[in-house]
Amino acid sequence: MVGLLAIAIAWLYAGTMAGLGREWLSSPDASYGLVLAGVAVWLLWQRREQIARAAQSHSSVTRRFPARGLAILVGGLLLYFVGELGADIFITRVSLVVVTAGALWFVAGGRAARVATAPLVFLLMAVPLPALVVNAMTLPLELTASRIAEATLAASGIAVFRDGNVLELPSAALEVAEACSGLRSLVSLTAIAGVLAWSATARSKPSHLTHARWSTLGRGAAIVAIAIPVAILMNGLRIAAVGIACELWDPRVASGAWHTFTGWITFIVSVVVLLRLQRVLAAGSVRADDAEGAIAA
């Protein structure tokens with residue numbers, strides 16, 4: 001049954017997976033998905049023995065029909081047909097994750113599906129956002145980045161006038177276009193924050209403190225939430241840096257190698273800031289746990 005289900009899913013989703021792979025490889029806005037898919041596959045491989053033990057335990061302990069797994073599987077297939085009939089690529093791709101989870105639950109049981117939760121979540125995060133969501137987020141991000149850049153340039157002593165998402169400088173006019181909205185770095189940084197949150201949760205050990213597990217989960221949620229304002233702020237500062245470079249050197253840096261260079265540097269700095277904030281949150285939690293342990297003693 002396992003082999004038949006795997007073959008059926010591969011046949012049904014062959015076109016979907018091929019299109020998803022092409023988008024990961026060809027679109028800079030979706031390239032983060034390739035990394036997350038790799039993380040999902042690596043995690044699944046790391047947990048293969050746990051999944052196998054859970055499946056073996058399920059087959060030997062219970063003979064009940066896996067109704068929940070079947071319900072998830074059927075729901076995922078319905079989602080697939082809705083996506084196909086509505087020509088919605090995003091729904092079709094999401095259904096792949098749902099069908100995979102349902103098939104695993106149906107064949108190996110709920111315990112095995114729970115062990116595979118993290119890989120499935122990372123696979124779901126690897127699916128590129130739908131165009132509707134991207135279009136809805138782009139303009140607000142452009143305007144927010146423009147405001148941050150305007151305030152930074154003004155604080156630096158550079159005359160600037162903002163008209164929507166256009167910054168008028170003495171030497172040039174900078175338009176914060178769709179490619180500069182920061183959506184790409186926002187999604188990528190949030191994905192990295194998700195990996196950091198999961199790794200912190202996976203490393204946590206059982207503790208005598210009753211809230212220890214929830215504390216770890218809370219820190220994970222906090223680091224994912226913090227990634228959003230960090231990405232937005234750093235993108236605004238990047239645009240301001242481009243504006244300063246235009247005034248100090250040459251307006252052509254707004255569209256040349258300097259523009260690309262500042263994008264990479266900004267993302268690297270954003271990751272470093274995120275790592276630092278994670279350590280600060282972890283250190284604060286450790287101090288709180290030590291204090292509670294001392295009071296309990």
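Here are the numbers for this structure:
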| item | result |
| --- | --- |
| Karplus-derived HN-Hα couplings along the stretch 220-235 (A = 6.51, B = -1.76, C = 1.60, θ = phi - 60°), whole Hz, x at Gly and Pro | x, 5, 5, 5, 5, 5, 5, 4, 5, x, 4, 5, 5, 5, 5, 5 |
| Cut-off under 5 Å, modelled amide H: who pairs with Arg162 long-range | Glu168 |
| FRET efficiency, Glu49 to Thr117 (Cβ-Cβ, R0 22 Å, nearest 0.05) | 0.85 |
| Fully extended contour minus Cα-Cα distance, from Ala173 to Arg147, at 0.36 nm per residue | 7.9 nm |
| The stretch 15-94 shape via C-alpha gyration tensor axes, a/c threshold 1.5 | oblate |
| Around Val160: net Lys/Arg minus Asp/Glu count, Cβ-Cβ under 14 Å | -3 |
| Extent along principal axes [Cα atoms of the stretch 88-200; Å; largest to smallest] | 66, 35, 15 |
| Using alpha carbons only: equivalent-ellipsoid semi-axes of the stretch 33-149, gyration tensor based, whole Å | 35, 19, 10 |
| Karplus-derived 3J(HN,Hα), 6.51/-1.76/1.60, for each residue of the stretch 260-273, Hz, glycine and proline x | 5, 4, 5, x, 5, 4, 4, 5, 4, 4, 4, 5, 4, 4 |
| Stretchable slack from Met137 to Ala71, in nm (0.36 nm times residue separation minus alpha-carbon distance) | 20.4 nm |
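A short reminder: the numbers here are calculations on the coordinates, not readings from a lab. Treat the numbers as computed from the prediction; the structure is a model and nothing was measured. Using ideal geometry, Cβ is built from the backbone for each residue, glycine included, and neighbour counts are taken over all protein chains shown.
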